[in-house]
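> The following block contains the structure, expressed as C-alpha cells.
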Amino acid sequence: MLGVSYSTLRRWDAEGRLVAGRTPAGRRRSRVSDVATFNPLGIDTGAFDRKTVAYARVSPHDQKADLERQVTVLGMCCAAHGWQYQVMSDLGSGMDYRKKGLSELLDLILDGQVGRLVLTHKDRLLRFGAELVFAVCEAKHVEVVVINQGDDRSFEEELASDVLEIVTVFLARMYGARSHKNKRLIDGVEKAVPDASGA
C-alpha cells in the first residue's frame with residue numbers, strides 16, 4: 001500500500017512513526033486503517049479538501065455572451081481534469097478591485113478555503129495587479145491554472161486596450177463628479193479617444 005521496502009517499515013516501527021503490532025510468532029502486523037492514514041512525508045492533506053474556484057470576468061455589460069463563453073470554457077477544463085469546482089464571475093472593469101466576485105474570491109483564498117484557481121486568461125482577474133493576487137495565491141499554496149497562457153493580441157493592441165480601459169474609468173469618475181469645471185476636460189478626452197482609435 002505504501003510502496004516501500006520491508007526494511008523501511010521496520011525502521012519506521014523502530015522510530016515510532018508507524019508502530020506495528022506483533023503476532024504470537026513475533027511477526028509485525030499493521031492495521032489497514034493505520035497504513036491508510038499514514039503520512040510519511042508530512043504532506044498537508046487538508047489542501048486536498050480545498051475548493052477549486054473558476055473565475056470569469058468581462059468589462060462592459062454588453063459582453064455577457066463572452067462571460068457565458070468563459071464560464072463554459074472553465075467548466076470544460078475543470079471537468080476534463082475531474083475537479084469539483086465552483087464558478088465566480090463579475091461584470092466590471094479589470095481596474096476595479098471592489099467587484100463582488102473578486103472580493104469573495106480573495107476572502108476565500110485568505111481564509112485557506114481555495115486550493116486551485118482557474119482562469120481563461122491572466123487579465124480576467126485584474127487588468128493591473130494580477131501578479132499581486134498570484135503572489136497571495138503562492139503564499140497560501142493555491143495552484144493557479146491559466147488556460148490560455150499566450151495572448152493572440154499584438155503588443156500595440158494590448159496597450160491600446162489598457163489605455164482605453166484607463167480612460168473609461170477616468171471618464172466614469174469624472175461624470176460621477178458632475179462638475180461644470182470638468183466638462184471641458186471630459187469633452188476633450190471623449191473626442192481624443194475616437195481619434196486615437198481610428199488612427
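> Which ³J(HN,Hα) values, rounded to whole Hz and listed in residue order, are derived for region 69-77 from phi using the Karplus coefficients 6.51, -1.76 and 1.60 in 6.51 cos²θ - 1.76 cosθ + 1.60 with θ = phi - 60°, glycine and proline given as x?
Result, ordered by residue: 5, 4, 4, 5, 4, 4, x, 5, 5 Hz.
> Right, something else. Whole-Hz ³J(HN,Hα) for each residue in region 15-28, computed from phi via Karplus 6.51 cos²θ - 1.76 cosθ + 1.60 with θ = phi - 60°, x for glycine and proline: what do you get?
My calculation for region 15-28 gives 7, x, 7, 9, 6, 9, x, 10, 7, x, 7, x, 7, 6 Hz in order.
> Per-residue HN-Hα couplings for region 104-110, Karplus 6.51 cos²θ - 1.76 cosθ + 1.60 at θ = phi - 60°, whole Hz, x for Gly and Pro?
Values, residue by residue: 5, 4, 4, 4, 5, 5, 5 Hz.
> Another question, then. What residues qualify as long-range amide H neighbours of V118, i.e. H under 5 Å apart, gap of 5 or more or another chain, H built at 1.01 Å from N?
Close amide H contacts, sequence-distant or interchain: V53, A54, Y55, V145.
> Describe numerically, in nm with one decimal, the distance between label points set 7 Å from Cα along Cα→Cβ at E104 and at A25.
Between E104 and A25, the simple spin-label model gives 6.1 nm.
Each value in this text was obtained by applying a stated rule to the coordinates, not by laboratory testing. Bear in mind that the values here come from a model prediction, so they are computed numbers and not experimental data. A quick note on method: Cβ atoms are made from the backbone with ideal geometry, for glycine too, and the neighbour counts reach across all protein chains shown.
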